[in-house]
Amino acid sequence: MSTFRSIVFSSVIAGFIVGLIVAAVQQFGTVPLILRAEVYEKAAEHKHEAAAPPQVTLVHDHADHDHGAEAWEPRDGLERNLYTAGANILTAIGFALLLGGFLAVRSGATGEPISWHEGLMWGLAGFAVFTLAPGLGLPPELPGVPAAPLLSRQIWWTTAVLATSAGLGLIVFRRSMPAAIAGVVLIMLPHLIGAPELEHVETNVPSSLSHQFVVAVTLTSLVFWSLLGGLTSAAFAYFDRPASA
């Protein structure tokens, strides 16, 4: 029970801190790029509406006509920033719980306390599994950039994450040549199959802007996972000390 409490406490504290830091980093990195891309997206929508042929309505009956409510989205400024920070905090806490579970198992197996150095390595492994490997096939996309069907992308992304985590596990924990070869094959397999993509993409979002977004998202994710691994391990070691004693 004390170990479970250590996992929860360390995950909540580390996730809250990392979520706030990443939200601040995003204000200078990804958010300005998203706002610029939304300008191109809205311009393309207005252009499409202007090019569409006019439609003549012969009868307009309010009883039969449903205007429908537009999809809700937070207002720009403080409201949008608060929702972004909240989403980052919840995401960080969720991944910190996952890291905390691995750290607890690792500490129980070795009988030694977890150092922040080891936590940092676990964080970098999370970066490789959840960002680097899937991003090679499905890079982050800005608003206004067409993409393959969502379900096919989700299936490929999940496959890449599972294959990469299993491959890294074979390489790091088995430490034998056959296991290392199998691990490399597993890591390469999703990319050999290929990620789903459209044959032809038409967008007015500049390619340079998309490139900047990919770099910004990748660097932000690196900060996220590095801090999450180090802080989660440090907090877990602190809360787990009474149980160890």
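The values are calculated or read from the model by the stated rules, or taken from the named source; none is laboratory data. On a predicted model such as this, the values are computed, not experimentally measured, just so you know. Virtual Cβ from ideal backbone geometry, glycine too; neighbours counted across all protein chains shown. The accessibility values were calculated without ligands, DNA or RNA, using every heavy atom of the protein model including side chains. Shrake-Rupley method; radii C 1.70, N 1.55, O 1.52, S 1.80 Å.
Taking each residue of region 77-97 that is closer than 28 Å to I7 by Cβ and looking for partners that are among the aliphatic types (A, V, I, L, M) and open to solvent by 40 Å² or more (accessible area, probe 1.4 Å) with beta-carbon atoms closer than 7 Å, six or more apart or interchain, yields A85/L20; I89/L20; I93/V12. Among the residues making up region 186-200, a single one is among the aliphatic types (A, V, I, L, M) and at pLDDT below 90: L198. Sub-6 Å Cβ pairs linking a first residue in region 4-30 that is assigned to a helix (DSSP H, G or I) to a second residue that is open to solvent by less than 10 Å² (accessible area, probe 1.4 Å) and of a type in the set (S, T, Y), at least 6 apart or interchain, are S10/T232; A14/T232, ordered by first then second residue.
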